[in-house]
Amino acid sequence: MNIFHHIREKVLKALDGLKARGVIPVDADTSRVSIEAPRDPAHGDVTTNAAMVLARPAGMRPRDLAEKIAALLGDDTGLEAVDIAGPGFINMRLSSAFWPRLLDAVMEQGEAYGRSDMGKGEKVNVEYVSANPTGPLHVGHCRGAVFGDALAALLEETGHEVTREYYINDAGAQVDVLARSAFLRYRQALGQDIGEIPAGLYPGEYLIPVGQALAREHGEKLLDMAEEDWLPIVRDFAITAMMDMIRDDLAALNIRHEVFFSERTLHEKGLIEDTLADLRARDLVYMGRLPPPKGKPAEDWEDREQLLFRSSDFGDDIDRPLAKSDGSYTYFAADVAYIRDKLSRGFRQLVYILGADHGGYVKRLQAVNKALSGGNAELIARLCQLVKLYRGGQPVRMSKRAGDFVTLRDVVDEVGPDVVRFMMLTRRNDAPLDFDFEKVTEQSRDNPVFYVQYAHARICSVLRNAAQELGEKAASAAAPDWTLLTDPAEMALIRRIGEYPRVLEAAARAHEPHRVAFYLQELAADFHALWNKGKELPQLRFILPGQMDVSLTRLAFLRAIRYCLANGLRIMGVTPVTEM
C-alpha cells in the first residue's frame with residue numbers, strides 16, 4: 001500500500017467534484033498536484049499543494065480554494081483531520097483505523113513492499129563504470145559503480161525494465177599504450193632488464209602477471225616480430241586480461257553487468273559508417289569550419305573544413321567534428337554510433353554515470369540523443385564527484401600495485417563490500433565524499449552502515465529469542481491486533497514504514513539512490529529509539545510475560561520493520577545481517 005497514492009486518489013476525487021460544480025475548469029491541469037509528508041509531523045501525515053496549483057485557473061485565492069477542497073476531504077472517514085496552513089497547503093491526518101490496514105499490507109507483501117509499477121515497463125539502459133581497460137579500477141570508479149548499480153536496482157524496483165551496461169573503450173590510442181606496457185613486462189618475464197618504465201607507459205605492477213602469461217603462451221616468439229605484428233596480439237591479450245581483472249573487482253562489490261559493449265565493434269562492423277550515412281540522410285551533418293574556441297583550445301578543434309554534426313541545433317554549445325584530418329573518426333563519432341545502437345535496441349531512457357571530469361560531454365551526448373530519437377528518448381547523465389580516502393583523518397597513500405592511485409579492490413578487501421556500498425551512497429552523487437577507513441568500521445551510531453545493520457540484527461535477535469521463549473506461538477499466523485500499538489514511538493515507526501513506497505518512487509524519479517540510505521538511517525533511528533524506550537519502560541518491551549496478544553503483535557511489528565530495512569538494503573546492494 002502506498003499512502004500517498006491513496007491520498008492522491010482522494011484529492012483528485014475532490015477536485016473532480018469541484019470541476020463538476022464549475023468551481024475549477026474541467027480542463028484544469030492536475031499533474032502538478034503533489035502529495036507529500038509535511039516537514040513537521042505535528043502538521044499531519046500528508047499535505048497537498050492542490051489549492052495553490054489550481055488557484056489561478058479557478059480564479060480564486062489559494063486559501064479560498066483550499067477551504068472548498070478541505071470541505072470535501074473532511075467527509076472522508078479515513079481522514080481524522082483536514083487543516084489549511086500557510087498560503088494554502090492542505091494538511092491531513094489519517095484516522096487511527098487506517099494504520100492497521102497499512103501494516104496488514106506490509107505483512108502481506110513482505111519483500112515486495114514498496115515495489116511499484118511507476119515505470120510501466122519502460123526500457124532503461126544504465127551505463128556505468130565503463131573504465132578504460134588499461135588497469136584496475138580505482139576508488140573513483142568505485143563510487144560510480146555503486147551509484148550506477150543502486151540506481152539500476154531502484155529503477156527495477158519501481159517498474160522499469162533495466163539493462164546494466166559497460167562500454168569497453170578498446171579502440172583508442174590508450175589500448176596501444178597498454179599493449180606496449182604489457183610487452184615491456186613480457187620482456188621482463190623472459191629475463192630481460194627493462195630498467196625504469198619509460199614515461200608514457202603504464203608503470204603499475206598489475207601488468208607483471210600479464211607479461212608472465214604472455215611469456216608462457218608465446219615463449220620468445222614475439223621478440224622476433226616487428227611491432228606492427230606483435231602489437232595487435234599483445235593488445236588483445238592485455239585487454240582480455242584487464243577486463244577479467246575489472247570483472248573480478250566488480251564482482252567483489254557484487255556488481256555484474258548484463259552487457260559489455262566493445263567500442264571496437266562499432267569500427268569492425270561498420271556501424272560508424274552506417275551512422276554517418278544515416279546522419280547525411282537526415283541532413284544532420286555538413287562540411288564546415290569551426291571558429292577557434294575561446295580560452296583553452298578544445299582537443300577536437302582543427303582549423304580546416306571538416307565533417308560536422310549539427311549538435312548546436314539540439315542544445316549543444318558548438319557543432320562537433322566527426323572525422324580527423326587523417327580521415328580517422330573522432331571519439332565523438334563513436335559516441336554517436338553507440339547512442340544510435342542503444343536506441344535501435346529499444347531503450348527509451350539512456351542513463352550515463354560519468355566522472356565529474358566528464359561534465360563537458362553531457363550537452364553533446366544529449367544533443368545526439370535528441371537528434372536521433374526525435375525526442376522519443378531521454379538521455380540523462382549523472383556525474384559522480386571524487387572520493388577522498390583517509391585513515392584516522394590522514395590522507396591514504398597510493399597503491400603500489402596500481403602505481404599511482406588507490407584501487408577499488410584495496411578498499412573492498414579492507415572493509416568489505418557492504419561498508420563500501422553503503423558509505424558510497426551516504427552523499428548525493430554530485431557532492432564530494434570523504435571515506436575514512438577508521439570511521440566506516442567503528443561500531444557507533446555515528447557510523448551509518450553499522451547503525452542500520454545493527455537495527456536489522458537487533459530485530460533478528462529478538463525474533464530468535466521469541467522463538468526460544470514462545471515456541472511455535474512466536475511465528476503464529478494469527479492476525480495481529482495492531483490497535484495495541486499506541487505509544488508515540490510505535491506510531492512514529494508506523495508512519496515511517498508508510499513513507500517507504502513514496503521514498504522509492506521519489507528516489508527513482510530523481511535518480512538519487514542516496515535517498516534510500518537516508519531513509520534507512522531514519523528508520524533505524526526510530527527503531528533504536530523504541531528499543532531504548534523499552535529499557536526504561538518495561539511495558540514497551542517486545543515480549544511481555546502473560547500478555548501473549550501484545551507480544552505477538554509486537555513481534556509482527558518487528559517483522560514489518562525488518563521488511564523495510566531488508567528491502568532498502570537490498571536495493572543498495574548491502575547484506576541485511578542477522579547478527580553482529
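Throughout, read-outs are computed from the coordinates displayed, never taken from laboratory work. Remember, predicted model here, so these are calculated numbers, not experimental data. Reconstructed Cβ throughout: ideal geometry from the backbone, glycine too, with neighbour counts over all protein chains shown.
Toward the positive end of the charge dipole of the chain, with +1 on the Cβ of Lys and Arg and -1 on the Cβ of Asp and Glu, the farthest Cα among Q521, A334, P417 is that of Q521. Could you state the number of Å between the C-alpha centres of the range 445-465 and the range 44-101? The two parts, judged by their Cα centres, are 38 Å apart. Among the listed pairs K13/K68; K439/K535; K13/K120; K294/K370; K269/K370, which have their C-alpha atoms separated by more than 18 angstrom in this model? As for pairs spanning more than 18 Å Cα to Cα, those are K439/K535; K13/K120; K294/K370; K269/K370.
Placing a label point 7 Å from the Cα of N132 along the Cα-to-Cβ direction, the residues of the range 210-252 whose backbone N falls under 17 Å from that point are 235-236, 238-243, 246. Modelled label positions at E273 and I318, each set 7 Å beyond Cα in the direction of Cβ, lie 3.0 nm from each other. With the charge dipole of the range 194-301 set up from +1 on Lys and Arg Cβ and -1 on Asp and Glu Cβ about the Cα centre, the Cα lying farthest toward the positive end among the listed residues M242, N254, L207 is that of N254.
For the range 3-95, what's the relative contact order in percent, using C-alpha pairs closer than 8 Å and at least 6 residues apart? Averaging sequence separation for qualifying contacts and normalising by length gives 26 percent for the range 3-95.
Taking every C-alpha pair closer than 8 Å and separated by at least 6 residues, the mean separation divided by the residue count of the chain gives a relative contact order of 15 percent. Rounded to whole Å, give me the distance from the Cα center of the range 178-243 to that of the range 475-539. Taking the Cα centre of the range 475-539 as reference, the centre of the range 178-243 is 56 Å away. Computed from point charges on the beta carbon alone (+1 for Lys and Arg, -1 for Asp and Glu), the dipole magnitude for the chain about its Cα centre is near 1380 Debye.
Secondary-structure-derived ellipticity at 222 nm for the chain, considering helices only, amounts to -15500 deg cm²/dmol, per-run term -39500 (n - 2.57) for DSSP H runs with n ≥ 4.
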